[in-house]
Amino acid sequence: MAAKLDLSPRLPLAAAAVVVLVVIFLLCGTPAVILVGAALAGLGLTTLAGLPLRFEERLAYGAVIGAIAYCAVTFLLCLAFGLTLATALGGLVIVLAAGGAAAWRNRAELGEDLAVALERWGRAEPWPLWLLLVVCWGYTLLLLSRGYQTSPQGLLVGGGAFYADWSLHLTLTGAFAYGGNFPPAFPIFPGHAMTYPFMVDFFAAALVPVGASLTSALVLTSGYLGLAFPAVLYMATLRLIGSRGAGVLAVLVFCLGGGLGFVLLGQDLGREGLQALVHLPRLYTQEPDLNLQWLNPVLAWMLPQRSVLFGYAVVPLVLGVLWTAERGKSWVPYAFCGVLTGLLPLFHLHAFGTLIAMPAFWAVLRRRRQWLAFFAPAVLLGAPVALWLSTGGAASLRVQLGWLAAADGHDDNVIWFWIWNTGLFIPLL
């Protein structure tokens, strides 16, 4: 099959790849070595999934998988030797060697995937994905470019998430980069273990020895994962549903999610005219006086709570692969997803719980021995870490089904509160 494919676009593609790499290095500086290296390693590691994947999937999934592999390996090195330039680059060499070996072993498959992708790209078949990425990447780059700015007056912060939540992330990243915080302790709660999924901040800290400042390390790692997310969710939805339109819709519904507060825009337009669109008078998904608390997934979670950038990407990735694996008999995809899931607690604990619960329902509905290959590594690797993260910290958990329905003087009906804050999302489920 590969012999019949038109491979003539490979030279222009190689030239385009070189241009992209040059731009990345100009924008990111020397930390791009880690970021590009992790993505390339992940591209090779996707060949271990045991399933045929589109080349676009390998690029998107590989960025996330490579970052997880890099953080896991480098963290182990740092436990023994501390975070230095040698350990930061040593971890990269190890994951590149692993990814390179996997890619070489499956080079024929990779070559055919690329050739088929070039044919699709030549026909502009993935145009919905391209258009989606133009919108999502443009917004992501604009948002992050305003996070930290220097001026003669000092460091300017571009919003509440950067000022508030990222202060903690700066602290955790600095503790790794400059404080030798291995094994991790909670720097703001002396005497308490680091019961927070800290790997996203360790990822940022690993960029510091190669030339990044603390602030730029946070921006670069959030940008790396934020740019990967829409492609991952689109490709995973395409695998789950088989529709490009559904892939675009999944990304837009998720990223633009919120409650029914948009109805307030009509009132503001009636009062202020089009000027209301130039300077928005309120956050339409967060108005505490009206008990709109949900905000928006991008502004409420993906930007401030950086660890969700790993979790939100890995969940659809794993579910998409498992869904496809159900159609075959191989154990390999299950084991691949099981190992990836087992590593998740230090990256995003709630994603680990989701990826144990949902496949458990699938396994009950469709019993097959291959599920053992998923649950064995997932539980053996992840459960001890999840238990450790769930206990011994400075915080406690309690069930509050109504969340903020009765908060701040409000006494909203619980059902109405959730519809008011999430719109049609829950009814459509």
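The values are calculated or read from the model by the stated rules, or taken from the named source; none is laboratory data. Everything numeric here is computed off the predicted structure, so don't read it as measured data. Counting neighbours? That spans all protein chains shown, and the Cβs are built from the backbone with ideal geometry, glycine included. Remember, those area values only see protein heavy atoms, side chains included, never the ligands or the DNA or RNA. Shrake-Rupley method; radii C 1.70, N 1.55, O 1.52, S 1.80 Å.
Being out of contact with any strand residue (DSSP E or B) (no Cβ under 8 Å at 6 or more places or on another chain) and touching a residue at least 40 places away in the same chain (Cβ under 8 Å) narrows it down to one of PRO297, PRO281, so name that one.
Exactly one residue qualifies, and that residue is PRO297.
Is one or more of the residues making up region 165-181 open to solvent by 20 Å² or more (accessible area, probe 1.4 Å), farther than 24 Å from GLY66 by Cβ, among the hydroxyl-bearing types (Ser, Thr, Tyr) and in contact with a Phe, Trp or Tyr (Cβ under 7 Å, 6 or more places away or on another chain)?
no
Need at least 1 residues that are in contact (Cβ under 8 Å) with a residue 24 or more places away in the chain, under 29 Å from ALA185 (Cα atoms) and open to solvent by 30 Å² or more (accessible area, probe 1.4 Å) per element, so show me which helices (runs of 4 or more DSSP H) inside region 199-258 make the cut, counting only ones lying wholly within it.
Correct list: 214-241.
Quick one: which of GLY42, GLY91, GLY37, GLY66 is crowded, with 17+ Cβ neighbours inside 10 Å, free of Cβ contacts under 8 Å to residues at least 40 places away in the same chain and under 20 Å from VAL210 (Cβ atoms)?
GLY66
Kindly list, by first and then second residue, each pair from a residue in region 341-363 that is surrounded by fewer than 24 Cβ atoms within 10 Å (Cβ to Cβ) to a residue that is part of a helix (DSSP H, G or I) and of a type in the set (Asp, Glu), limited to pairs with Cβ atoms under 6 Å and residues at least 6 apart or on different chains.
none
Quick one: in region 105-115, which of the residues that are in contact (Cβ under 8 Å) with a residue 24 or more places away in the chain and out of contact with any Phe, Trp or Tyr (no Cβ under 6 Å at 6 or more places or on another chain) is most open to solvent (accessible area, probe 1.4 Å)?
ARG105
Across region 250-277, what is the total count of residues that are over 14 Å from TRP420 (Cα atoms), in contact with a helix residue (DSSP H, G or I) (Cβ under 9 Å, 6 or more places away or on another chain) and among the aliphatic types (A, V, I, L, M)?
Here the count works out to 9.
Take the conditions open to solvent by 20 Å² or more (accessible area, probe 1.4 Å), aromatic (Phe, Trp, Tyr), within 30 Å of THR74 (Cβ to Cβ) and within 22 Å of the chain's Cα centre (by Cα) and apply them to PHE336. Does it pass?
Yes: the conditions hold for PHE336.
Could you tell me which of the residues LEU118, LEU141, LEU155, LEU133 is in contact (Cβ under 8 Å) with a residue 60 or more places away in the chain, surrounded by 16 or more Cβ atoms within 10 Å (Cβ to Cβ) and under 25 Å from LEU299 (Cα atoms)?
LEU133
Would you point out the residue of region 259-292, among those that are small (Gly, Ala, Ser) and part of a loop (DSSP other than H, G, I, E, B), that is most open to solvent (accessible area, probe 1.4 Å)?
Initially, region 259-292 is screened for residues small (Gly, Ala, Ser), giving 259, 261, 266, 270, 273, 276.
If we keep only those that are part of a loop (DSSP other than H, G, I, E, B) too, we end up with 259, 273.
On the way: GLY259: 9, GLY273: 28 Å².
Among residues in region 259-292 that are small (Gly, Ala, Ser) and part of a loop (DSSP other than H, G, I, E, B), the one most open to solvent (accessible area, probe 1.4 Å) is GLY273.
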